[in-house]
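Before I ask anything, here is the structure I am working with.
The values are calculated or read from the model by the stated rules, or taken from the named source; none is laboratory data. Computed from a predicted structure; not experimentally measured. Neighbour counts run over all protein chains shown; Cβ positions are idealised from the backbone, glycine included. We work out accessible area using only protein heavy atoms, side chains counted, and drop any ligands, DNA or RNA first. Shrake-Rupley method; radii C 1.70, N 1.55, O 1.52, S 1.80 Å.
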Amino acid sequence: MKKILSIDGGGIRGVIPAVILAHIEHLTHKPISKLFDIVAGTSTGGMLALGLVMPDDTYPDKPAQTAQEMVKMYKNEGKKIFPPSFLDKLGLAGWNGEKYNDDGISQVLKNRFGETRLSQALCHTLITSYEIEKRENVIFRSEKAKLEHEEDFYMRDVARATSAAPTYFEPAKIQPVNKDNFYYLVDGGLFANNPAMCAYTYFIENTKGRESKDCLMLSLGTGNVFKPILYKKAINWGLIGWAKPTIDILFDGICNAIDEQLRVIFKTQKKSKYYRFQRELQNEYNDLDDTKEETINYLIGLAERLVDEKIDVIENLCEILVK
């Protein structure tokens, strides 16, 4: 049985799947890269995925960091990625250009991933992005990077590309390790904020005659947003007013649509198993860039409660993962 992990985008809310994965590592006594054959991620989920498949410098067959260490990344470095500003307090940040300078996120990624390449990933890894000049979807694949040197990228650049959410960060300009051409990329959430279908398609394409229905999928969300957009306000919005809400709607709508599609697909496949862990967020804690200590503690607590409520399901999942 092939085992697939998919992690949604969602900014600072990526701490939710990080907490769940930390519990899975604790229960199985194994790293995520040894439990899953394919790991896919978008935006913050892409950063998390890359962090969990990155090899250690001293012991290259082992991961450099645990899921619990990735939880600490959100707690300790969230404000470096989304630095609060005076304009932010006034509600004016992002009105003329991107909301955040990319110096903070670029430095965090450089410190975390260094010179590690995508080709060094400890298991099959898929990270989504979108090329704005060619107007095409991009899926960075570790296996392709291993086979084709001109398709290899630094993990830090892949992480920067997948998390370049429009209105939040400027597009990423990156190049392969061994080539001079550039890619101009934005957040993969624009077409696959839930990358589970990308991962499943990759699995189907690479079964090579095996039973294509024999797989396990764990799909992790970063919280459902139910904050209403009031009609009385929306009818008066123009381009500026709709910019951020449109991004949020797009990300949430894609996640839910992919989940519904995969539930139908897996329901017809008796040998396969589909797990989706997701929770509704309180309205005051749903922003992608809210790095206040109170918010991060709320998100961690939400994930802990989800684990407690689903502990029987998670323990059953872990039994399958270690087989």
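Which residues, taken from the stretch 124-153, are open to solvent by less than 80 Å² (accessible area, probe 1.4 Å) and on the phi > 0 side of the Ramachandran plot?
If the condition is that a residue be open to solvent by less than 80 Å² (accessible area, probe 1.4 Å) and on the phi > 0 side of the Ramachandran plot, then no residue fits.
One line per residue, one yes/no per condition, for (1) open to solvent by less than 40 Å² (accessible area, probe 1.4 Å); (2) under 11 Å from residue 105 (Cα atoms):
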residue	(1), (2)
156	no, yes
160	yes, yes
172	yes, no
177	yes, no
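Also: Is it true that residue 197 is buried (at least 16 other Cβ atoms within 10 Å of the Cβ) and in a strand (DSSP E or B)?
Against the criterion (buried (at least 16 other Cβ atoms within 10 Å of the Cβ) and in a strand (DSSP E or B)), residue 197 does not qualify.
Another question, then. Got a sec? Which of 204, 320, 314 is modelled with pLDDT of 85 or more and exposed (fewer than 13 other Cβ atoms within 10 Å of the Cβ)?
204
Kindly indicate which of 173, 134, 144 is in a loop (DSSP other than H, G, I, E, B), more than 27 Å from residue 25 (Cα to Cα) and of a type in the set (Lys, Arg).
So the residue among 173, 134, 144 that is in a loop (DSSP other than H, G, I, E, B), more than 27 Å from residue 25 (Cα to Cα) and of a type in the set (Lys, Arg) is 134.
Being assigned to a strand (DSSP E or B) and open to solvent by less than 60 Å² (accessible area, probe 1.4 Å) is the filter here; which residues of the stretch 105-123 pass it?
Correct list: empty.
Of all the residues that make up the stretch 159-170, how many are part of a loop (DSSP other than H, G, I, E, B) and of a type outside the set (Asp, Glu)?
Looking only at that region, the number is 7.
Report, by residue number, each residue of the stretch 294-323 that is out of contact with any strand residue (DSSP E or B) (no Cβ under 8 Å at 6 or more places or on another chain) and charged (D, E, K, R).
Selection gives 294, 304, 305, 308, 309, 312, 315, 319, 323.
Going by what's in this entry, would residue 191 be described as open to solvent by less than 50 Å² (accessible area, probe 1.4 Å), aromatic (Phe, Trp, Tyr) and either touching a helix residue (DSSP H, G or I) at 6+ places or on another chain (Cβ under 9 Å) or in contact (Cβ under 8 Å) with a residue 40 or more places away in the chain (or both)?
no
Right, another one. Which one is farthest from residue 128 (Cα to Cα), of the residues in the stretch 243-293 that are modelled with pLDDT of 85 or more, touching a strand residue (DSSP E or B) at 6+ places or on another chain (Cβ under 9 Å) and open to solvent by less than 20 Å² (accessible area, probe 1.4 Å)?
281
Within the stretch 294-305, count every residue that is surrounded by 13 or more Cβ atoms within 10 Å (Cβ to Cβ) and within 28 Å of residue 319 (Cβ to Cβ).
5
Identify all residues within the stretch 214-244 that are among the β-branched types (Val, Ile, Thr) and within 22 Å of residue 16 (Cα to Cα); write none if there are none.
Hits for the stretch 214-244 are 222, 225.
Looking only at the stretch 20-52, count every residue that is of a type in the set (Val, Ile, Thr) and under 24 Å from residue 156 (Cβ atoms) and tell me the total.
5
Among the numbered conditions (1) modelled with pLDDT of 95 or more; (2) under 26 Å from residue 83 (Cβ atoms); (3) not β-branched (Val, Ile, Thr), tell me where residue 166 comes up short.
Failing condition for residue 166: (1).
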